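Quick notes on the structure that follows.
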Amino acid sequence: MKKKKIIFGFSFVLIISGASYFFLTRNKEKATEWKTVPLEKGTIAVMITATGSVNALTTVQVGTQVSGTIARLYADFNSVVKKGQLIAMLDTTFLAASRDDAEAGLQRAKTQLNQSKIEFDRIKKLFEGNAVAQADYDLALTAFESAQSSYKSADAQYKRAKINLQYATIRAPISGVVISRNVDVGQTMISSFNSPTLFTIANDLTKMQVFANVDEADIGQIQVGQKASFTVDAYPNQRFEGEIKQIRLQPTVLQNVVNYVVVIDVPNPDLKLLPGLTANINVAVQQHKDVFKVQTNALHFVPPLKYFETASLPDSVKKQWRNQLPENISTGNSAYVWIKEQGKIAPHRVKIGLMDGGYSEIAGDIAAGDEIVTGINKEDNADQQKTKNPFVPTLRPRQQKPS
């Protein structure tokens, strides 16, 4: 009998302990761990991105106006040349022969002109003395005038031959650096409608230009005088600064998209920028400094619905979120951010300013250092994912056929 009482008492204690633990822990909820970031001030900038190429400020292609064979080259790649400096020479054999032939033709025309003038002067005196007929006078005058025309033509041919001979000596049209040489000694150059290019000379590599291709959707925000920055693959960790000088009106179509060329002036004192480099360009079209900024995802954060049942929030706010409005409650340029205070979070309506994609400018009843909620920790998210979604259909288990 005494043993039964001991067993009964021990069982009673276990039951009471289990019931107490169940009732004490049933309604205890795990505290939600919020992801927060401190509110800070900074700069928000709206950027337009584009790609382009680096070019010299002035680039001249040096060609030849006469045909011939390259006899000598006095400049090469990266040669520094001065304006008027000899950089190439064509073979002058045929050009010199043409000049000599033209000179001989000029002398022949001059002799004929002198002879016709003497004849005309003699006929003129006889005509004035009524010693010759009018027909003889007219014939002598015509011969003299024809000889004058022949002399002028021969003189023009001689001058042309002399100029062509001078064109065989190719000189630099500007001072600069040779960035391209397209010929070698012995190569024959044929001058036709398009003059062949021998050299390409860049005037001053300490001043460069970037030709940026800006999409038609962004060109309306670009203005002359705006600051631009860019990077090149040759120096990925260095950012170069420039200023927009020109917006060209001629459209270009790249991959079925209309683009406009924007010219950016860039100083290049250390000669790091080389012609032809690809530039990744950013243009700050709007910029606000010393403003409150927050991660953009904080503007779209909404606590779980069960939080509104227990949180001490105004009934109007509870009703709005209980009705499951889309994402965050926002109207126009305003939205809610959730601020954590003493372990609890509360909504604060703020005005939205500039947005650069990752961050957004906000203003309102906020202060530096406020803990802005951006999400829930992974464990809480895992608990929420375990909650059954009523909109997902339940699959019935497949019944096995009896064997």
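The values are calculated or read from the model by the stated rules, or taken from the named source; none is laboratory data. Computed from a predicted structure; not experimentally measured. Positions of Cβ are backbone-derived with ideal geometry, glycine not excepted, and every protein chain shown enters the neighbour counts.
Looking at Ser180, is it closer than 30 Å to Pro267 by Cβ, touching a residue at least 40 places away in the same chain (Cβ under 8 Å) and not in a helix (DSSP H, G or I)? When the stated conditions are applied, Ser180 passes them. Contact map, the range 341-354: residues that are under 12 Å from Asp370 (Cα atoms) paired with residues that are among the acidic types (Asp, Glu), Cβ distance under 7 Å, separation 6+ or inter-chain. Pairs shown: His348/Asp365. Of all the listed residues (Gln250, Gln255, Gln238), the sole one being loosely packed, with under 11 Cβ neighbours inside 10 Å, on the phi > 0 side of the Ramachandran plot and without any contact (Cβ under 8 Å) to a residue 60 or more places away in the chain is Gln255.
Identify, please: which residue in the range 370-393 is surrounded by fewer than 18 Cβ atoms within 10 Å (Cβ to Cβ), modelled with pLDDT under 90 and touching an Asp or Glu at 6+ places or on another chain (Cβ under 8 Å) and is, among those, farthest from Asn333 (Cα to Cα)? Residue satisfying both the conditions and the ranking: Glu379. Taking each residue of the range 100-112 that is closer than 14 Å to Ser153 by Cβ and looking for partners that are at pLDDT 95 or above and not in a helix (DSSP H, G or I) with beta-carbon atoms closer than 7 Å, six or more apart or interchain, yields nothing. Tallying residues that are modelled with pLDDT under 90 and either assigned to a loop (DSSP other than H, G, I, E, B) or over 25 Å from the mean Cα position of the chain (by Cα) (or both) within the range 36-62 yields 0. Summed over the range 358-372, residues that are under 38 Å from the mean Cα position of the chain (by Cα) and assigned to a strand (DSSP E or B) total 7.
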